[in-house]
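K.L.:
Quick one: structure below, then a few questions.
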Amino acid sequence: MLSEERQRAILETLDRDGRVLVVDLAKHFQTSAVTIRKDLGVLHAKGRIQRTHGGALRVLGDPALQEKEKHRKENLQIAAAAARMVKAGQVVILDSGTTTTAIARAMRNLQNVTIITNAVNIAVELSGFNLDVILTGGNLRKNAFSLVGPIAEGALRRLSADVLFLGVDGFDVEYGLTTPNLLEAKVNRTMMDVAKVVVAVCDSSKFGKRSLSLIDRPSAIRHVITDRGISKADLNALKQSGIEVTVI
């Protein structure tokens, strides 16, 4: 079987089951795990799947997720910078999204760290590593792999964290941080309430944009990690507001 045929078959399996494992695919196609991992890597690079430890999840055509994959290089650099901020013994909140998923991967080898998340795919990513992971529970947003609603909010209110890494869909330096989903915005606000430090993690394409639902004003965050594409005007506005900015 050609690699393209095998990759199409993998996508068909994902459409049917929502999840695949490398070991199962290798057995099914009678090939090596290395070959399957290469196939999954190609599909992930194209934004067709969400790579996980030991397998993959499907991407259900969510435009926001696919848009974020266009900034994969920047997301990886932002993720590395975020992971360097985490210290042993800390509790970290990760919301859902491509950038925070990259942060989860960058944190996989840390020791004595607890991760709180409402993202099912992030919990799966971290399941095979020596990290304590708390999944909030809640109603599943299938296109984003995130858990929202009163169950998620209630779970978060009973917890406390040292730092929240918050991904956003829009960041207007005057208006605030936004997301297209009303329920996601409420969960994000609760995350901000229970975290000692809020760090916005977003590539420069998010600046100057507003999405449907306001998460909070810029004054609610202490730190921003972004890339060099940020405009001088936005960078200066953040710094003048007393927000620390890391430009990678």
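The values are calculated or read from the model by the stated rules, or taken from the named source; none is laboratory data. Given the structure is predicted, the values throughout are model-derived calculations rather than measurements. Glycine gets a Cβ as well: all are built from the backbone with ideal geometry, and neighbour counts include every protein chain shown.
K.L.:
Checking the conditions here, which among Asp162, Asp203 is of a type in the set (D, E, K, R) and surrounded by fewer than 20 Cβ atoms within 10 Å (Cβ to Cβ)?
P.N.:
Unique residue meeting the criteria: Asp162.
K.L.:
Quick test for you: out of Phe171, Phe165, Phe145, pick the one residue that is at positive phi and under 17 Å from the mean Cα position of the chain (by Cα).
P.N.:
Phe145
K.L.:
Same structure again: Checking Val247 against (1) surrounded by fewer than 19 Cβ atoms within 10 Å (Cβ to Cβ); (2) more than 23 Å from Asp162 (Cα to Cα): exactly one of these is not met. Which one?
P.N.:
(2)
K.L.:
In region 185-197, what residues are within 16 Å of Gly170 (Cβ to Cβ) and buried (at least 24 other Cβ atoms within 10 Å of the Cβ)?
P.N.:
Asn188
K.L.:
Could you tell me how many of the residues in region 8-26 are surrounded by fewer than 20 Cβ atoms within 10 Å (Cβ to Cβ), in a helix (DSSP H, G or I) and either touching a residue at least 40 places away in the same chain (Cβ under 8 Å) or not charged (D, E, K, R) (or both)?
P.N.:
Matching residues across region 8-26 total 6.
K.L.:
Does Asn121 fit the bill of being modelled with pLDDT under 95, within 27 Å of Ala9 (Cβ to Cβ) and not in a helix (DSSP H, G or I)?
P.N.:
No; evaluated as a whole, the condition is false for this residue.
K.L.:
What is the one condition in (1) farther than 14 Å from Asp216 by Cβ; (2) modelled with pLDDT of 95 or more that Asn188 does not satisfy?
P.N.:
All conditions are met except number (1).
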